[in-house]
Amino acid sequence: MTAGLPGPTRMRRATMSAVTLLGGVSLAVIPAATVSISSRLFTTAEQGVIAVAVMVATFVGQLAFAVIVESRLSSAATERRVVFPVWLAAIAIVAGVALVIAGPNALVLCICLPVLIAGLEVGRGVSVAERLDTREVWASVLVGAGALFGVLAAFGRADWALTPLVTGILAATVVRCLPVAHRASRPQGRILGWVVADTAITGAVYPLLNAMILAFLGPADAVVFTALATVSGLLAIPLNFLRLRLLKEHSTLDILVSAGAVLAAFVALLVLEAVGAFDFVFGSAWSSQSTLLPLVLACAWRAASLATTIPFAALRRMGEAGLVTGLRAVVSLVTFGFAAIGLAMQSLPAVFTGLLIAELISAIVYEWGRRARLAQNLNGARRRREEGPS
């Protein structure tokens, strides 16, 4: 809780929260940079496959995050401490070195990318949850610098454009796996199973959807869908940050900081679209069709997640892993159903409209679950008081 902290302390925590939150841009930059570099190194067909691979890599990263970080933060009976595993760092380094040696090879990129993204997801999650803010700032700078140099090299059609990108990721991985004073808690087996199950149910929707777009609408639309999801992912940074903080404890301060960041990111993306920055970054796939409307809808879809994050985290803190998994299954079916209707209309704006509607429905479902469980707990406590000591 932050309400009882002195004013200067709250200000310092708010400042560090904002700085760490901004560092999340580096995580969102990697998929965008990968798509941008690929647009200049690979054929259109290869770009379509890589676009789907980016979504798959994000899904793998979410699963790794669920197993290593979220399962421990959701285990209410433990100290809920997390660390960045050395074994994951080692695998990421091997994958990065292999990618650098292979050069511009689409197959190797598709194989190595999930490992690199998993390392980034887990590393950032640990830093945010444990408030390792200084370390996270340095890691974010390294990732961002590598992505920037890689994209600039790709503009010059350099075959080695992936090397700076990968180097930045590996440097950040080393920083994030430096030793810490605490040890990781052991996740409760039941909680681990529920967390992984609901992450798999939810996360599988988007790579599957993009694979269907690639099959039915073609590689250009698959690239644009990934680019739009990646660009709008800038809004997901404060939302993911908020979820991590709320899994630890409820904080009105972090909610306000995150909501302000979502609004600022929304405005920034509209400005970048207006000045043609995304045409420049993503090349012909972006400029081949009108992207303003789908971008607005994609951003609205992301922003609507703010309404789902708060009750979702509250249920997690209560230890209601089974209930959350059930609700997530319902939400995933709703999401895929509405997105599939949009896909049947052969329109990316319709797909993002379906995702937005599903997100709003999800917010209602999670809030209903939170209130129902809270009422159940209060009624149970009242009955115990009335019955008295046995």
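No value in this document is a laboratory result; all are computed from the given coordinates. Treat the numbers as computed from the prediction; the structure is a model and nothing was measured. All Cβ positions, even for glycine, are placed from backbone atoms using ideal geometry, and neighbour counts span all protein chains on display.
With the chain treated as a Gaussian network of Cα nodes joined by springs under 10 Å, which of Ala181, Ala358, Ala92 yields the largest mean-square fluctuation?
Maximum fluctuation in the GNM of the chain, among the listed residues, is at Ala181.
Mind checking which of Asn105, Asn377, Asn240 has the largest fluctuation in a GNM of the chain, springs on alpha carbons under 10 Å?
Maximum fluctuation in the GNM of the chain, among the listed residues, is at Asn377.
Tell me the angle of helix 162-176 to the major Cα principal axis of the chain, expressed in degrees between 0 and 90 and rounded to the nearest ten.
20
Can you compute the helix-only [θ] at 222 nm over the chain? Use -39500 (n - 2.57) per DSSP H run of at least 4 residues, normalise by all residues, nearest 500 deg cm²/dmol.
-27500 deg cm²/dmol
Which residue, Leu315, Leu263, Leu99, tops the fluctuation ranking in a GNM of the chain built on C-alpha contacts under 10 Å?
Fluctuation is largest for Leu263.
From Cα pairs below 8 angstrom and at least 6 apart in sequence, can you work out the relative contact order of the chain, rounded to a whole percent?
Relative CO of the chain lands at 21 percent.
If one takes the longest principal axis of the Cα atoms in the chain, at what angle in degrees, from 0 to 90 and to the nearest 10, does the Cα axis of helix 7-23 lie?
40
Can you run phi through the Karplus equation (6.51, -1.76, 1.60; θ = phi - 60°) for region 107-113 and list ³J(HN,Hα) in whole Hz, with x for Gly and Pro?
Calculated HN-Hα couplings, in order: 5, 4, 4, 5, 6, 7, 4 Hz.
Name the long-range amide H neighbours of Arg81: under 5 Å, sequence gap of 5 or more, or other chain; modelled H, no Pro or chain starts.
Ser185
Roughly how tilted is helix 205-217, in degrees to the nearest 10 and between 0 and 90, from the longest Cα axis of the chain?
Its long axis makes an angle of about 30 degrees.
Let's test the formula: R0 of 45 Å, r as the Cβ-Cβ distance of Ala204 and Glu387. What FRET efficiency results, to the nearest 0.05?
Efficiency computed from Cβ-Cβ geometry: 0.50.
Can you find, among Leu253, Ala236, Leu165, the residue sitting farthest towards the positive end of the charge dipole of region 7-380, where Lys and Arg contribute +1 and Asp and Glu -1 at Cβ?
Comparing the listed Cα positions along the dipole, Leu253 ranks first.
For region 214-367, count all C-alpha to C-alpha pairs, find those more than 19 Å apart, and express that count as a whole percent of the total.
Result for the distance tail: 57 percent.
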